[in-house]
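Below is one structure, written out as structure tokens; comments come after it.
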Amino acid sequence: AVPAVPGMSLDAVPAVPGMSLDAVPARARATAASLVQKSGLATAPGAGAGALAELVERRAADLVDYQSATLASAYVDFVDAASAREREVMGDRTELAEAVARHLYKLTAYKDEYEVARLHLRPGARDAVRDAVGDYAGYRVLLHPPVLRALGLKRKISLGPFQQPALGLLKAMRRLRGTPLDLFGHARVRRIERELIVEYRRIMEAELDGLTPERYERALKLASLPDVIRGYEDVKLANVEQFHQQARAILSPDTRPVALTTKPAG
């Protein structure tokens, strides 16, 4: 059997050279540029406004390719609202909007089976692997969907060079993500990943609504909390619980209650 390339499993996809946010198709970049230009981010005053708009545009472009322009538009709108509220309270500061932009993107672009296929089919991905480990290495993508593991499949599915059409099919199916036709979306971890996006938006909406200069540092901590959510499957679920614990510790009793998920959906 041809050995799998080290670092090319699902767990290591984000670290593969050449798979940066800049590798998205030109059409997705154009769509993202249009979304940002239509938002308040494009005309916001202040020294950091241009860097914020660029940060959002790059991530919005990736979300267009990740799933759809609709998803990217919702992302841009949320960051735009966060930025407007931050300017209203804190003048030209942009740290909070930047934190929201980075961490809402992190939660939204979770690494599922469709995303693995998309990343590995990007132009230059295979060349990046050859550059990293040499021409001698074989190339396989290893998948272990939670839904199949729940059915008793204990081994990862190995997709080699001659099975690229299977990856192409997976990539095309990304438009079904989160719908009733999502083959992998009914798995427990996938449901929790979707719930986290809604939960984070709810927490930040409440925090932005009550934002004051005195509560600015607290808002920054809440905005950056998704940093603790790392890994896959059981490791990720444990970190989700840590996210909830830290959120409860930060939120003080004198603020409007924000419902936090105490247990992952079963």
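The values are calculated or read from the model by the stated rules, or taken from the named source; none is laboratory data. Treat the numbers as computed from the prediction; the structure is a model and nothing was measured. Counting neighbours? That spans all protein chains shown, and the Cβs are built from the backbone with ideal geometry, glycine included.
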### Qualifying positions in segment 200-229 - of a type in the set (Gly, Ala, Ser) and not in a helix (DSSP H, G or I)
Gly210, Ser224
### Message
Among the residues that make up segment 121-143, is at least one of them modelled with pLDDT under 90, surrounded by fewer than 16 Cβ atoms within 10 Å (Cβ to Cβ) and in contact with a strand residue (DSSP E or B) (Cβ under 8 Å, 6 or more places away or on another chain)?
### Response
no
### Summary
Result of the Cβ filter at 8 Å on segment 238-250, keeping first residues that are farther than 17 Å from Arg218 by Cα and without any contact (Cβ under 8 Å) to a residue 12 or more places away in the chain and partners that are assigned to a helix (DSSP H, G or I) and not charged (D, E, K, R), at least 6 apart or interchain, is Asn239/Val228
### Query
Regarding Val64, is this residue crowded, with 17+ Cβ neighbours inside 10 Å, farther than 23 Å from Leu220 by Cβ and out of contact with any strand residue (DSSP E or B) (no Cβ under 6 Å at 6 or more places or on another chain)?
yes
### Task
Output yes when any residue across segment 72-87 is among the polar types (S, T, N, Q), modelled with pLDDT of 95 or more and touching a Leu at 6+ places or on another chain (Cβ under 9 Å), and no when none is.
yes
### Query
What pairs can you find where one residue is in segment 90-119 and in contact (Cβ under 8 Å) with a residue 24 or more places away in the chain and within 23 Å of Gly48 (Cβ to Cβ), the other is among the polar types (S, T, N, Q) and part of a helix (DSSP H, G or I), and their Cβ atoms are less than 6 Å apart, with a gap of 6+ or different chains?
Ala97/Ser83
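When the residues of segment 11-41 are filtered to those that are modelled with pLDDT of 95 or more and in a loop (DSSP other than H, G, I, E, B), which remaining residue is farthest from Val235 (Cα to Cα)?
Step by step, filter segment 11-41, then rank; the result is Lys38.
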### Query
Restricting attention to segment 223-237, and to residues there that are of a type in the set (A, V, I, L, M) and at pLDDT 95 or above, which single residue is surrounded by the fewest Cβ atoms within 10 Å (Cβ to Cβ)?
Val228
### Where a residue in segment 159-174 is assigned to a helix (DSSP H, G or I) and surrounded by 13 or more Cβ atoms within 10 Å (Cβ to Cβ) and its partner, wherever it lies, is among the polar types (S, T, N, Q) and at pLDDT 85 or above, with Cβ under 7 Å and at least six apart
Arg174/Gln67
### Task
With respect to Ile197, determine if the residue is touching a residue at least 24 places away in the same chain (Cβ under 8 Å), within 15 Å of His103 (Cα to Cα) and in a helix (DSSP H, G or I).
yes
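Only residues that are in a helix (DSSP H, G or I), in contact (Cβ under 8 Å) with a residue 12 or more places away in the chain and closer than 14 Å to Glu95 by Cα: list them for segment 42-58, please. Steps first, please.
Taking segment 42-58 and keeping what is in a helix (DSSP H, G or I), we get 42-43, 49-58.
From what's left, in contact (Cβ under 8 Å) with a residue 12 or more places away in the chain: 49, 51-53, 55-58.
Hits for segment 42-58 are Ala49, Ala51, Leu52, Ala53, Leu55, Val56.
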#### Entry: Leu208, sole failed condition from (1) more than 22 Å from Leu63 (Cβ to Cβ); (2) at pLDDT 95 or above; (3) aliphatic (A, V, I, L, M)
(1)
## Note on the structure
Exactly one of Leu167, Leu159, Leu148 is modelled with pLDDT under 85 and out of contact with any helix residue (DSSP H, G or I) (no Cβ under 8 Å at 6 or more places or on another chain), and that one is Leu148
